[in-house]
1. Determine, yes or no, whether Thr88 is assigned to a helix (DSSP H, G or I), modelled with pLDDT under 95 and not small (Gly, Ala, Ser).
2. Identify the single condition in (1) of a type in the set (Val, Ile, Thr); (2) at pLDDT below 55; (3) under 24 Å from Phe245 (Cα atoms) that Thr104 does not satisfy, given that it satisfies every other one.
3. Sort out which residues of the stretch 113-131 are buried (at least 23 other Cβ atoms within 10 Å of the Cβ) and in a helix (DSSP H, G or I), and write them in order of number.
4. If you scan the stretch 166-196, which residues turn out to be among the small types (Gly, Ala, Ser), assigned to a loop (DSSP other than H, G, I, E, B) and more than 20 Å from Leu209 (Cα to Cα)?
5. Taking Ser134, is it in a helix (DSSP H, G or I), hydroxyl-bearing (Ser, Thr, Tyr) and under 22 Å from the mean Cα position of the chain (by Cα)?
6. So Ile227 passes all but one of these: (1) touching a residue at least 12 places away in the same chain (Cβ under 8 Å); (2) over 24 Å from Trp127 (Cα atoms); (3) in a helix (DSSP H, G or I). Which condition number does it fail?
7. Every residue in the stretch 205-218 that is assigned to a helix (DSSP H, G or I) and either over 28 Å from the mean Cα position of the chain (by Cα) or of a type in the set (Lys, Arg) (or both), please.
8. Could you figure out which of (1) closer than 19 Å to Pro121 by Cβ; (2) in contact with a Pro (Cβ under 6 Å, 6 or more places away or on another chain) isn't true of Ala216?
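The values are calculated or read from the model by the stated rules, or taken from the named source; none is laboratory data. These numbers come from a predicted model, not from an experiment. Backbone-built Cβ (ideal geometry, glycine too); neighbour counts: all protein chains shown.
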Amino acid sequence: MTTMPDGVSAMFARISELRAAPAAVSEIKARFASNLSSAVAAATATSSSATGTATTGISQRESAGVANAASTATAASTATTSTTGASTNVTAGPSTGVGGTGATPAAPSAPATGAWTDRLPDAGKPWSGQIAASAQKYGLDPEFLGGVIWTESDFNPQAVSPDGAIGMGQLMPETAQWLGVDPYNPAQNIDGAAHYYRNLVDRFGSLDLATAAYFAGPTAVKNAGGIPSDRAASYVSKVLGRRDFLAGTSATAP
């Protein structure tokens with residue numbers, strides 16, 4: 001038996017490889033199509049799962065009205081609250097979307113007791129417990145903090161001013177972030193307002209100047225060396241007048 005020269009043998013082997021090539025290509029195509037289909041199915045399932053999780057998270061945020069707002073290193077001198085301050089400039093807050101609740105959040109179940117609570121407007125009575133607790137926490141008179149909340153929002157937990165101030169104490173978003181509170185949560189908002197007032201009283205040394213700073217911003221009070229404008233003076237007079245009414249030292253509320 002004779003053997004073929006090496007060159008001829010190699011040629012026949014190459015011919016066999018070429019004849020088999022179409023079948024190999026078809027097999028590769030089939031495997032690729034199968035793998036691609038599986039990958040698409042897996043990606044679709046993952047996307048659906050992620051969408052469901054995100055929707056659930058938003059729903060929980062809306063119903064609870066609570067966010068884990070991280071406190072930042074914003075200087076107190078640049079944190080400001082509403083520059084409107086008056087309830088006439090307050091509108092209803094968002095009813096849907098993150099931060100909105102769609103319904104007035106529930107008030108604390110245990111209102112405070114005391115003569116000052118009887119003088120609160122009806123809208124403020126359910127919030128007297130939180131006002132008293134936050135005032136005590138930060139060393140403020142509850143009548144004073146009640147006068148602040150009354151003037152800022154008329155005790156409307158969903159109030160949002162044209163300037164973007166939010167909730168019971170009309171906190172600006174950057175102030176709420178600095179304080180580490182969710183402004184859409186009424187209890188946190190009241191507590192944040194009390195905390196911020198404590199900071200301003202300690203800084204300026206009097207309720208008059210602290211109230212002016214709450215309205216116009218600390219920088220405005222610092223630059224003016226006192227109450228910076230007639231509007232700020234009017235706001236201070238209203239807050240302190242309502243404090244006096246709640247305390248029983250004034251027969252009427254401004």
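1. Numbers: assigned to a helix (DSSP H, G or I): yes; modelled with pLDDT under 95: yes; not small (Gly, Ala, Ser): yes.
So Thr88 fits the description; yes.
2. (3)
3. Result: Trp127, Ser128, Gln130, Ile131.
4. Here is the first cut: in the stretch 166-196, the residues among the small types (Gly, Ala, Ser) are 167, 169, 176, 180, 187, 192-194.
Now narrow it down to the ones that are assigned to a loop (DSSP other than H, G, I, E, B): 167, 169, 180.
Correct list: Gly167, Gly180.
5. Values: in a helix (DSSP H, G or I): yes; hydroxyl-bearing (Ser, Thr, Tyr): yes; under 22 Å from the mean Cα position of the chain (by Cα): yes.
Here the answer is yes, as Ser134 does meet what is asked.
6. (3)
7. If we filter the stretch 205-218 for residues that are assigned to a helix (DSSP H, G or I), which is where we start, we get 207-216, 218.
Hit for the stretch 205-218 is Asp208, nothing else.
8. (1)
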